[in-house]
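Below is one structure; the comments refer to it alone.
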Protein chains: 2
Amino acid sequence: MEGDLQRTLGRNLRAHRQKLGLSQEQFAERLGYHRTYVGGIEQGLRNLSLRSLERLALDLNIDPLELLREASPATE
Amino acid sequence: MEGDLQRTLGRNLRAHRQKLGLSQEQFAERLGYHRTYVGGIEQGLRNLSLRSLERLALDLNIDPLELLREASPATE
């Protein structure tokens, strides 16, 4: 269904942030993003372009496809 | 490197089209897209959004991540 990718991205970004034990504010500051940008992505509201996705993955030092993969139930 | 995803998408779309034995014109017509849109994606020039990627994958009846995965050398 359309919009699934950005919702999956949001869940994965939130999980990544929480693994780091950071608030959205701290996480956004570390990445040099505005907090509302991070919040919007985590809520699945932002329809990122492929390049924006690449920049985000580069900043997080992970593979862009990792951000789009459905987390397996075990890691929920 | 930035832009890698759209170049990988382009290679995968071209491979998918060639498997179907279609020209860009025929492929675009079948999908209801303009030929230059298909050509631009295949050349890795279009920075699609996640939703556009989803629509393309839906039209091709494949998983969007399939379009972003590096083809293994065997399938080159």
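Here is a yes/no grid of residues against (1) under 21 Å from residue A:46 (Cβ atoms); (2) aromatic (Phe, Trp, Tyr); (3) in contact (Cβ under 8 Å) with a residue 40 or more places away in the chain:
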| site | (1), (2), (3) |
| --- | --- |
| B:5 | yes, no, yes |
| B:25 | no, no, no |
| B:39 | no, no, no |
| B:45 | no, no, no |
| B:54 | yes, no, no |
| B:62 | no, no, yes |
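Results for (1) part of a loop (DSSP other than H, G, I, E, B); (2) out of contact with any Gly (no Cβ under 7 Å at 6 or more places or on another chain), shown as yes or no for each residue.
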site: A:1; (1), (2): yes, yes
site: A:7; (1), (2): no, no
site: A:11; (1), (2): no, yes
site: A:15; (1), (2): no, yes
site: A:29; (1), (2): no, yes
site: A:33; (1), (2): yes, yes
site: A:39; (1), (2): no, yes
site: A:62; (1), (2): yes, yes
site: A:66; (1), (2): no, yes
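When region A:1-51 is filtered for residues that are within 14 Å of chain B (Cβ to nearest Cβ) and hydrophobic (A, V, I, L, M, F, W, C), the ones remaining, listed by number, are A:1, A:5, A:9, A:13, A:41, A:45, A:48, A:50. Considered as a group, the residues in region A:1-34 that are at pLDDT 95 or above and basic (Lys, Arg) include one that is farthest from residue B:3 (Cα to Cα), and that residue is A:19.
In region B:52-60, the count of residues that are more than 14 Å from chain A (Cβ to nearest Cβ) and in contact with a helix residue (DSSP H, G or I) (Cβ under 7 Å, 6 or more places away or on another chain) is one or more.
Residues are listed down the side, and each one gets a yes or a no for (1) crowded, with 17+ Cβ neighbours inside 10 Å; (2) closer than 16 Å to residue B:48 by Cα; (3) of a type in the set (Asp, Glu):
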residue	(1), (2), (3)
A:3	no, yes, no
A:7	no, no, no
A:35	no, no, no
A:46	yes, yes, no
A:53	yes, yes, no
A:56	yes, yes, no
A:59	no, no, yes
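The one condition from (1) part of a loop (DSSP other than H, G, I, E, B); (2) among the hydrophobic types (A, V, I, L, M, F, W, C); (3) within 19 Å of residue B:50 (Cβ to Cβ) that residue A:22 does not meet is (3).
The values are calculated or read from the model by the stated rules, or taken from the named source; none is laboratory data. Remember, predicted model here, so these are calculated numbers, not experimental data. Every residue, glycine among them, receives a Cβ derived from its backbone with ideal geometry; neighbour counts consider all protein chains shown.
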